[in-house]
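The values are calculated or read from the model by the stated rules, or taken from the named source; none is laboratory data. Everything numeric here is computed off the predicted structure, so don't read it as measured data. Cβ atoms come from the backbone with ideal geometry, glycine included; neighbour counts cover every protein chain shown. Areas reflect the complete protein model, heavy atoms only, side chains present, ligands, DNA and RNA absent. Shrake-Rupley method; radii C 1.70, N 1.55, O 1.52, S 1.80 Å.
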Amino acid sequence: MKLFYSPASPYVRKVMVMAHETGQEVDKLDSAASPINRDQKIVDHNPTGKVPTAILPDGSALYDSRVICRWLDAQHAGPKMYPEGNWDIVRQEALADGLLDAALLARYETVMRPEEMRWPEWLQGQMDKIASSLDTMETEAESLKDVNAGSIAIGCAVAYLDFRFPDYPWRTSRPQLTRWYEAFSQRASFQMTQPNG
Ligand SMILES: N[C@@H](CCC(=O)N[C@@H](CS)C(=O)NCC(=O)O)C(=O)O
């Protein structure tokens, strides 16, 4: 599989961790996704212009990260990352992606939007989504022991907070999630996909 890629994208990281955990190769394609300067190379395959966008061996395109992760899970013979009938795992992946959607909007608002056009209440609304998502993750930390699509997504989501919001004290009052993440993030798949950029 080829992948339009960004080393800073937490959604791309989900795909890369999933590929690593399931023993699959990914060829990284150079790209520069941005909501302002769209990368035509990506748009040609995915009209949203976002990463990750995969090009499958038959040349067809697949997006977004959840769909690509499902495709990867269908390609290997090991333990499934989306065990059949386990809706909690699918919901946890959606929870993590919801946190990331809010975090990415908050980031675009603070680094891309011109200062005079910023809207503090809107930014606070995104930060509130992040906080309440983390609170739910804290109550579910016990269920994240296994490696699956839910725990991978939650790991990538909280890692993104450390990467882009280093002063945001998400660990405060979330001891179980903190403990879980310290252990889970030692996995080779996480160590080999550290974000940069
Ligand atoms: N729902 C998508 C979200 C992907 C996404 O927002 N990617 C960001 C990079 S982290 C992007 O490509 N942004 C460029 C844009 O918004 O046009 C997924 O799960 O793959």
Original post:
Ignoring ligands, DNA and RNA, what percent of the accessible area of the chain is carbon or sulfur (1.4 Å)?
Top reply: 53 percent
Original post:
If you average 1/r over every pair of different alpha-carbon atoms in the chain and take one over that average, what Kirkwood value in Å do you get?
Top reply: 17.3 Å
Original post:
Quick one: putting +1 on the C-beta of Lys and Arg, -1 on the C-beta of Asp and Glu, what dipole do you get for the chain around its Cα centre, in Debye to the nearest 20?
Top reply: 240 debye
Subject >> Lys, Arg +1 and Asp, Glu -1 on Cβ, resulting dipole of the stretch 2-74 about Cα centre, debye, nearest 20 >> reply: 240 debye
Original post:
Given Cα pairs under 8 Å that are at least 6 residues apart, what percent is the relative contact order of the chain?
Top reply: 25 percent
Original post:
For the stretch 2-74, what's the relative contact order in percent, using C-alpha pairs closer than 8 Å and at least 6 residues apart?
Top reply: 36 percent
Original post:
How large is ³J(HN,Hα), in whole Hz, for each residue of the stretch 96-107 in order, when computed from phi with the Karplus curve 6.51 cos²θ - 1.76 cosθ + 1.60 and θ = phi - 60°, using x for Gly and Pro?
Top reply: 5, 5, x, 4, 5, 4, 5, 5, 5, 5, 5, 5
Subject >> Where the chain is the region considered: accessible area per residue in Å², 1.4 Å probe >> reply: 52 Å²
Subject >> Once exposed loop GluC sites (Glu not before Pro) are cut out (DSSP; at most 10 other Cβ, 10 Å), longest piece of the chain >> reply: 85-197
Subject >> Span from the the stretch 1-67 Cα centroid across to the the stretch 77-144 one, whole angstrom >> reply: 19 Å
Subject >> trypsin sites (Lys or Arg not before Pro) lying in DSSP loop within the stretch 19-58, provided at most 11 other Cβ fall within 10 Å >> reply: none
Original post:
Per residue, how much space in cubic angstrom lies within the convex hull of the C-alpha atoms of the stretch 1-108?
Top reply: 101 Å³
**OP:** Take every DSSP beta bridge whose two residues both sit in the chain, then give the antiparallel share in percent to the nearest 5.
**Re:** 60 percent
**OP:** Among the trypsin sites (Lys or Arg not before Pro) in the stretch 88-134, which ones are in a DSSP loop with at most 13 other Cβ atoms within 10 Å of the Cβ? Mind listing them?
**Re:** R118
**OP:** With a point put 7 Å past each Cα toward its Cβ, work out how far E84 is from R113 in nm, to one decimal.
**Re:** 4.6 nm
